[in-house]
Structures are given as C-alpha cells and as structure tokens.
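Taken together, the values in this text are just the output of simple stated rules run on the coordinates, not laboratory data. What you are looking at is a predicted structure, and each value in this text was computed from that prediction instead of being measured. Ideal geometry is used to build each Cβ from the backbone, glycine not excepted, and the neighbour counts take in all protein chains shown.
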Amino acid sequence: MELFREDGCLTDEGLQALIDGQLDELGRLEAAEHLSYCTKCLDRYTALLTGDKLETPPRDLSRPLGRALWVHLMANFYGRAAVAAVAAVLALTIWRSGSLELILDRNASALEAYVPEQIAPPASDTVPESNYITPPRPGDKTGMAEKVQQAVGGFLSGFAAKTGNAGTTN
C-alpha cells in the first residue's frame, strides 16, 4: 500500500489506513507530519472522519482576505518607518543646528568633578524642628476635622512662604 501520491499528498488508501489504525509507528508519524502542513489532505481527512462532505463557501474569500492582510502589514510597516524617519530628521536637525553641542557642553560642565574643598559647609549643624502633625489613628474621632484643617493650613502657609505670596489670600 502506498501512503503518498507522486505529488506528495496522502493517498485515499493511506488516509483510510490512518483512520482504521492500520499504519505502523513510522507511517502514523509521517502522515501526522504531512497533515500538519497540508490543508488539502487535512480537509480530506476531516471529511473522512466526520462522514460529511465539506461545503465550499459561496464565494472565494482568499483575495479579500489577502488584501486586508496586505493593507494591515503595509500600514504597520509604513507607520514604523514614518516614526523612524521623523526621529532621524529630528536628530539630524538638532545635530546640524548646533543645539547638540550646546546640550553636551551644558551637561559636561555639570559633570565636572568636584573636590571636597569646593563643597560649601552646611549652613547649620542643627537639624530644624519639624512641624509634622501625627495623623489620627483609626477609631480616633475626636478633633479629626481640626487636625486636618491644621495640617492643610500649615502646608498652605509653608507653601505661600516659600513662593513669596505670604500676604495674599484668595
């Protein structure tokens, strides 16, 4: 019994032997491998297993599906190419305008090594006291609104003092 035809597909006898379990180990492996990539033989095998004749679609969908896949592929490719082109143009513009040298020079001066003598000593050896208010514990309902109001008021007055708007209120 021949398992494969001259064109490489499974014979009808080979498919029937596979269904009936008459193939040896090597024959089953070869048939399974062939069915994994040959859709024609897989369709024939499925039709033999189900006993039904496979229906053909009312119209061929391979061309519209192929076009849709092609459009999606090209849109994805051209979208990435456009992003890469914009990045390249931006990089060349920054390089040719001399802005890159300004950026690098400014960062180079910030990266200079300092020796310990150049670092200014701290203004004071004492640590300032914190005005941190301990948050209320769960279940502690007494004066919660007052504590929240004090905390928010302290934050806003500290923020206004730092920005120089201590005298202005809304």
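Global dimensions of the stretch 22-69 from alpha-carbon coordinates: Rg and Dmax equal 14.8, 44 Å. Taking R0 as 45 Å, what's the FRET efficiency between ALA85 and VAL148 from their Cβ-Cβ distance, rounded to 0.05? For R0 = 45 Å, the calculated efficiency reads 0.25. Going from the fewest other Cβ atoms within 10 Å to the most, the residues HIS34, HIS72 appear in the order HIS72, HIS34. Each residue, THR39 and ALA75, gets one label point 7 Å from its Cα in the Cβ direction; the gap between the two is 2.2 nm.
The simple spin-label model puts a point 7 Å past each Cα toward its Cβ; for ILE19 and TYR132 those points are separated by 7.9 nm.
With Cβ to Cβ distances under 14 Å as the rule, what net charge do the other residues near PHE155 carry (K, R +1; D, E -1)? Spelling it out: positives minus negatives among the neighbours equals +2.
Would you mind counting up the charge near GLU30? Only other residues with Cβ under 15 Å from its Cβ, with Lys and Arg at +1 and Asp and Glu at -1. Let's see the in-between values first.
Numbers: positive: ARG5, ARG28; negative: GLU2, GLU13, ASP24, GLU25, GLU33.
Around GLU30, the surrounding residues sum to -3.
By the equivalent-ellipsoid construction on the alpha carbon gyration tensor, the stretch 1-48 comes out with semi-axes of 14, 12, 11 Å, ordered largest to smallest. Global dimensions of the stretch 62-110 from alpha-carbon coordinates: Rg and Dmax equal 19.6, 63 Å. Summarising the amide proton neighbourhood of PHE4: residues at separation of 5 or more, or on other chains, whose placed amide H is nearer than 5 Å comprise THR11.
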